[in-house]
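One structure is given below, encoded as structure tokens.
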Amino acid sequence: GEFLPQAQGPDLAARLRAVVPLRNGGGESLQSVLPETCAALEKGVAALETTLRDAVEVEFTVEHGRLWFLSARPGKRSTSASLQIVTDFVRAGSMTEQEALLRIDPLSLDQLLHSTIDPEAKRMVVVSALPASPGAVSGAIIFDAEEARALAADGVKVILVRPETLPEDIRGLHAAEGVLTTRGGMTSHAAVIARGMGKPCVSGASALRIDTVAGTLTGPGFTLKRGDIITLDGSAGQVLKGAVDIRPPELSGNFATLLTWADKHRRMAVRANAETVQDARMARDFGAEGIGLCRTEHMFFEGDRLVAIREMILADRERDRRAALAKALPMLRTDFVELFEIMAGLPVTLRLLDPPLHEFLPEDSADIDALARALNADNTLLRRRIQDLREQNPMLGHRGVRLLLSYPEIVDMQARAVFEAVAEVAKTTGKPPIPEIMVPLVVSRAELDLVRGRIDAAAADVQRETGLTFTYRVGTMIELPRAALRAADIAQAAEFFSFGTNDLTQTTFGISRDDSARFIGEYASKGIFPADPFVTLDVDGVGELVHMAVERGRAARPDIHLGICGEHGGDPQSIAFCESEGLDYVSCSPFRVPIARLAAAQARLRKSG
């Protein structure tokens with residue numbers, strides 16, 4: 001602390017003379033000038049901390065040798081310090097584990113899980129946008145996903161800069177250190193994928209303009225070129241010019257201790273949204289109790305499997321589509337085996353193919369020409385077929401269960417891959433996993449019944465072929481208002497509901513989550529929305545639909561398993577709502593698992609009083 005000898009009040013504010021430390025081994029200090037007062041100060045602060053059960057910051061004065069405390073308040077501290085403080089109090093017996101858990105802001109744990117910019121570093125902020133995925137990183141501006149991948153392979157650290165990312169950019173996203181988009185909100189493709197990978201992301205930077213031909217990134221009063229170095233602060237939503245000193249994440253024993261207490265006092269399970277080996281292992285390291293959402297379409301966006309799925313999409317006959325899918329089956333089976341082994345004994349929810357088919361097809365003319373050569377297809381006919389698959393509003397179009405009903409061979413292939421993976425793991429470990437197969441975008445029981453029939457048939461075939469008997473569950477994602485309204489009927493065919501609140505929010509509000517960044521902040525600032533509904537669950541509207549589906553689903557099937565797999569599964573306020581509704585689990589991106597574990601414990605403690 002600091003001490004100003006022989007001072008009046010105005011002297012302290014004006015700082016006309018140098019302050020001295022409270023303690024100093026050699027020179028002038030409070031301890032050397034007034035040793036008894038210094039001892040009384042230390043004793044008084046210790047008494048305040050014992051009484052308030054917190055580390056405090058005090059203001060004091062000494063008048064005629066007598067010490068007076070003027071104020072005491074919780075001291076400023078980092079998250080690491082907060083964990084140290086509460087664990088010290090618990091070890092000393094002056095605070096319960098429950099109170100310690102309630103003292104920590106779950107979102108503050110992000111500071112421990114991601115890199116941060118050095119507080120002393122000079123920031124040259126060029127634009128501020130949405131803090132879509134936390135962490136800090138520096139790298140070279142690259143506008144193309146494949147170029148980002150190639151440069152990263154040569155050891156270059158790159159930032160992928162795009163208007164918005166698409167599923168086919170997944171390899172570039174894996175390779176890049178971070179991602180910056182000029183469009184999209186907190187639940188856009190780039191934001192969701194970056195959070196899942198633990199990479200910093202700044203999205204919705206609408207003040208920026210990308211010119212891929214000129215290779216420039218232009219904003220208010222500046223122009224940056226391809227290869228220029230920028231820094232992303234995904235926690236603050238800032239883009240900085242140049243490289244900045246970055247601190248690595250800090251994980252400590254106190255962090256693990258707090259989460260152990262959280263696990264003891266929470267009721268809901270915490271799963272992770274993951275589909276890659278890296279994400280699954282990371283999720284387990286952070287304490288995930290299974291996978292709540294494996295988006296199987298992400299397994300198709302690389303190498304031979306992308307070629308196979310494109311061949312299937314462009315085939316005119318079912319026979320040819322099945323032949324193409326047969327090429328992808330062993331690759332998919334291997335992926336499922338790896339996930340089951342990592343999540344040994346834990347549930348793994350596998351969502352069947354969801355996006356519209358055009359998302360798997362190339363847009364660039366050169367890429368279309370290359371695909372035509374690879375498939376030995378007529379270039380003109382191929383372009384016409386690609387154009388035919390384009391939709392006016394693909395998020396509400398031919399996707400999810402609608403696609404699976406049109407092309408049931410996709411269900412057959414994916415279900416067989418799942419059950420063959422179950423059989424393989426059962427033979428190697430002696431314990432078959434219990435997969436949960438999720439059918440997306442269902443609005444009626446009839447849809448689910450038809451798809452479930454094919455899943456059950458695939459299971460029966462694999463059990464007959466292998467001589468094994470295994471258990472599996474079939475359920476659906478509740479992501480459309482009609483599905484919530486018809487939950488009682490749908491529950492007759494579903495053993496679990498997983499609330500996909502990203503799309504449920506989008507379809508309830510009639511707001512595109514990718515475009516909402518342009519105006520959603522204005523709604524919040526004017527008090528129309530209490531918060532961005534894509535970040536914190538809208539309890540009054542979307543929450544009412546969830547409540548209705550929970551109530552009706554349980555009435556029809558009392559043992560139905562209920563969870564949430566939208567991005568709200570990692571938001572503390574939304575997790576509190578899930579606890580109030582009695583959901584069985586929440587699922588979130590791997591890096592949010594610790595946040596969800598603490599938030600679930602806090603929700604349980606507050607609910608129980």
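If you stretched the chain out fully between Asp515 and Asp263, how much longer would it get, using 0.36 nm times the residue separation minus the C-alpha to C-alpha distance?
87.0 nm is the gain from fully extending Asp515 to Asp263.
Roll a 1.4 Å probe over the protein chains and send me the accessible area per residue for region 193-232 in Å².
The answer is 41 Å² per residue.
Sorting check: for 596-607, 63-74, which peptide has the highest mean count of neighbouring beta carbons within 10 Å, and how do the rest follow?
Going by the mean number of other Cβ atoms within 10 Å, highest first, we get 596-607, 63-74.
Please state the shape class of region 223-314: rounded when a/c is under 1.5, otherwise prolate if a/b exceeds b/c and oblate if not, all from the C-alpha gyration tensor.
Working: a/c = 3.04, a/b = 1.09, b/c = 2.80.
Because a/c hits 1.5 or more and a/b fails to exceed b/c, region 223-314 counts as oblate.
Using only the alpha carbons of region 489-609, what is the convex hull's orientation-averaged projected area in square nanometres? Walk me through the numbers before you get to the answer.
Numbers: hull surface 33.3 nm².
The Cα convex hull of region 489-609, projected and averaged over all directions, gives 8.3 nm².
As an exercise, use a Förster radius of 41 Å and the Cβ-Cβ distance of Leu389 and Arg123 to find the FRET efficiency, rounded to the nearest 0.05. Can you show the working numbers first?
Working: r = 45 Å, r/R0 = 1.10.
E between Leu389 and Arg123, to the nearest 0.05, is 0.35.
Quick one: length gained pulling Thr334 to Glu522 fully straight, 0.36 nm per residue minus the C-alpha distance?
Working: separation 188, 0.36 × 188 = 67.68 nm, distance 4.69 nm.
That pair, Thr334 and Glu522, stretches by 63.0 nm at full extension.
log10 I(q)/I(0), Debye, Cα-only region 22-160, no solvent, q = 0.16, 0.20 Å⁻¹?
Once normalised to I(0) and log-transformed, intensities are -1.00, -1.21.
Over region 1-115, give the accessible area per residue in Å² for a 1.4 Å probe, as an integer.
60 Å²
Would you list which lysines come within 23 Å of Lys122, measuring only between C-alpha atoms, while excluding same-chain residues fewer than 8 positions from it?
Candidates past the 8-residue exclusion: Lys76, Lys157, Lys199, Lys225, Lys241.
Hey, which lysines would be in cross-link range of Lys427, C-alpha to C-alpha under 25 Å, not counting anything within fewer than 8 residues on its own chain?
The reachable lysines, counting only those whose Cα sits under 25 Å from Lys427, are Lys327.
Report the local net charge at Asp263: Lys and Arg +1, Asp and Glu -1, summed over other residues whose C-beta lies under 10 Å from its C-beta.
Every neighbour counted, the sum reads +2.
Express in nm, to one decimal, how much length is gained between Ser32 and Ala556 on full extension, taking 0.36 nm for each residue of separation and deducting their alpha carbon distance.
On the way: separation 524, 0.36 × 524 = 188.64 nm, distance 7.69 nm.
Between Ser32 and Ala556, full extension yields 181.0 nm more.
If you roll a 1.4 angstrom probe over the protein chains with everything in place, what fraction of the accessible area of the chain belongs to carbon and sulfur, to the nearest %?
About 50 percent, which is the carbon plus sulfur part of the accessible surface.
Measuring with a 1.4 Å probe in the full set of protein chains, what accessible area per residue, in whole Å², belongs to region 493-593?
With the other protein chains kept in place, region 493-593 gives 36 Å² per residue.
Given just the C-alpha atoms of the chain, how large is their convex hull per residue in cubic angstrom?
193 Å³
What does the highest-first list of 475-481, 97-103 look like by mean Cβ count within 10 Å?
Values: 475-481: 25.6, 97-103: 18.4.
Top of the packing list down: 475-481, 97-103.
Could you check the simple spin-label distance between Asn24 and Ala457, using points 7 Å along Cα→Cβ, in nm with one decimal?
Rounded to a tenth, the inter-label distance reads 8.7 nm.
The values are calculated or read from the model by the stated rules, or taken from the named source; none is laboratory data. Here the structure is a predicted model, which is why all the values come from computation and not from measurement. Quick reminder, even Gly has a Cβ in these numbers, built from the backbone with ideal geometry, and neighbours come from all protein chains shown. Surface areas here come from the heavy atoms of the whole protein model, side chains and all, with no ligands, DNA or RNA. Shrake-Rupley method; radii C 1.70, N 1.55, O 1.52, S 1.80 Å.
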